[in-house]
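The values are calculated or read from the model by the stated rules, or taken from the named source; none is laboratory data. Here the structure is a predicted model, which means the values were calculated and not measured. Virtual Cβ from ideal backbone geometry, glycine too; neighbours counted across all protein chains shown. For the accessible areas, the whole protein counts, side chains as well, though only heavy atoms, and no ligand, DNA or RNA atoms are used. Shrake-Rupley method; radii C 1.70, N 1.55, O 1.52, S 1.80 Å.
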Amino acid sequence: MSDFFSTQMSRLRESKQVRYGGYALLTSLGMVAALVLVNLLVDQFGVEADLTQNRLFTLSDQTFQLLDNLDADVTVYQIGTTGRENPLIDSVLERYARRSSHVKLANLDPERNPGLAAKYEEEGQVRPGGLIVDGGDRFRMISQFDIFNVNMQTRQATSLSLEQELTAALLYVTTGDLPSVYLLEGHGEQSMFQLGMPGLNVRDLLENDNYEVDTLDLVSRDSIPEDVDVLLVVAPEQDMTPAEADRLDGWMRDGGRVVFVLQGARRTEMPNLEELLAGFGVRLVNGIIVEESGRHTPDSQVFLVPEMTSHEIVSPMRSERLFIVMPAAGPIEELETKRRTLTVEPFLNTSEGSFLRTDFQIQSVEQQEGEPNGPFAVGVAITDNDLDGYVKSRVVVFSSVLFLRQPYQANYDMLLNSLSWARSREESISIRAKSLRTFPLRMTRLAQLIISGVAVLLVPLGVLGAGLAVWLRRRHL
């Protein structure tokens, strides 16, 4: 019996089928073992790749800089029932916690822990779906409506503002940094409540970005308050008085920071404002720019989509290939004669195919004889250095106020970036909301036929041919 068993085993070892089958089995087991090992290593070292179209799970450099510099513990509570957290929010929060050991994650169920919930009720209602960022001495609540931007017509979430809101909240609770922006008034300026997107006016936008908002009337004050971090001038309809212009000019030359959002297609002359701008090397040309090169929206050739430079104000939008819409803008011209301490940097430019229209009676969108050609600057950043080359003051000028009435998040990010740049806080450059929209793959009929042919015919035929070649080779061994 033992001889028979030994003979059979010897035949099996000498059999080609058994030998090749054993090789195939060992190869398969080796591949499975390798995949298990690779997965264990990847899980151990936290190696990940964000393959989402809009980089939903990738944190910005500004967030990394803040997290790397944290030196105090911060607890981020998700409000709601434990085990029913939003997986999208949960995944982003985990990235914050992995980056910094000072970020602690917890859950707050108002029904199970009403005592802790009551601690935060003084700032607002503790509602499921929101977040609470607690730094010990101060805290900030983030509602679900702040995390997701919703289209009010379709009631669908269009973008995710989680990183934008959470990073701003972390900055607030750890530093208490609440910069102040003052809105100039007394000249028919545009109201912040009338500007913005549906459901979010510009004043709310500023306050959500940790700004303390106040107003400034230069007529009733002898001096500009010391706590003004940046002054925002939005589309005045009347000119300043000479005394106001002199007071503002002196403050700006002494280190003041100002963002001018003006209307380029002006009809009212404002000599005092023009002289103030000329002191900083620019002038606003009266007229409206028309685009003929396609750098405009489909609605109108005066709704410009300007080209962005690599300047800090627009570099986040430029790197993400977003676009800015500037309706009814006029040219901002750099003066040939200006103080040598001034540096004027255009960051929004129209194309060479644009032209300037100064006669508003002409209804045609075709260029008329004598109308100057572009490119024109519609957004500029001005730096005034002292004699040693250090930054003394900063000024930003836009030539369209209507960009603050458009439903494009990038427009409002640009405004926030301008305020941060003006007060020399580039690390606070706004983190844009990330779109949640997904678009179907669009292919031509020919592309569909080619892909179908490859998937249905070529790949199966290739596998069949490879198998046939292996079978014929083994048959002749």
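Worth a mention:
- Each residue of region 202-210 was assigned a 3J(HN,Hα) from its phi angle through the Karplus expression (A = 6.51, B = -1.76, C = 1.60, θ = phi - 60°), giving 5, 5, 4, 4, 5, 5, 5, 8, 6 Hz with x at Gly and Pro.
- Spin-label proximity, S364 to region 274-293 - amide N less than 19 Å from point 7 Å beyond Cα toward beta carbon: 288-293
- Across region 252-388, C-alpha contacts under 8 Å between residues 6 or more apart give a mean separation that, scaled by the residue count, equals a relative contact order of 27 percent.
- Amide H within-cut-off set for S180, under 5 Å, with H built and near neighbours excluded: E212, D229, V230
- Across region 179-193, rounded Karplus estimates of 3J(HN,Hα) from the backbone phi angles (6.51 cos²θ - 1.76 cosθ + 1.60, θ = phi - 60°) give x, 9, 10, 9, 9, 5, 9, x, 10, x, 5, 5, 6, 5, 6 Hz, Gly and Pro being marked x.
- Near the amide H of G130, within less than 5 Å, lie the amide hydrogens of I79, Q144, all on another chain or at least 5 residues away, with H placed in the peptide plane.
- Average accessible surface area per residue within region 302-418, 1.4 Å rolling probe, Å²: 46
- Of the residues R140, R127, ranked by 1.4 Å probe accessible area with the largest first, the sequence reads R127, R140.
- Phi-based couplings in Hz for region 298-313 (Karplus 6.51, -1.76, 1.60; Gly and Pro marked x): x, 6, 7, 7, 9, 8, 6, 10, x, 7, 9, 8, 8, 5, 4, 5
- Once all protein chains are placed together, L458 keeps about 110 Å² accessible to a 1.4 angstrom probe.
- Listed by chain and number, the aspartates and glutamates placed with their C-alpha closer than 17 angstrom to that of K392 are E226, D227, D229, D249, D254, E345, D384, E426; residues fewer than eight positions away on the same chain are left out.
- Protection proxy ranking of 97-106, 130-139 - average other beta-carbon atoms within 10 Å, highest first: 130-139, 97-106
- Each peptide in 27-35, 166-174 receives the mean, over its residues, of other Cβ atoms within 10 Å, and ordering these scores from highest gives 166-174, 27-35.
- Candidate aspartates and glutamates for bridging to K104, where Cα separation is under 12 Å - those fewer than 8 sequence places away on the same chain excluded: D73, E94, D134
- Computed from the Cβ-Cβ distance with R0 of 35 Å, the FRET efficiency linking E237 to D299 stands at 0.85.
- Distance from the C-alpha centroid of region 209-275 to that of region 82-114: 44 Å, rounded to the whole angstrom.
- Each peptide among 248-255, 307-314 gets the average number of other Cβ atoms lying within 10 Å of its residues, and from highest to lowest they stand as 307-314, 248-255.
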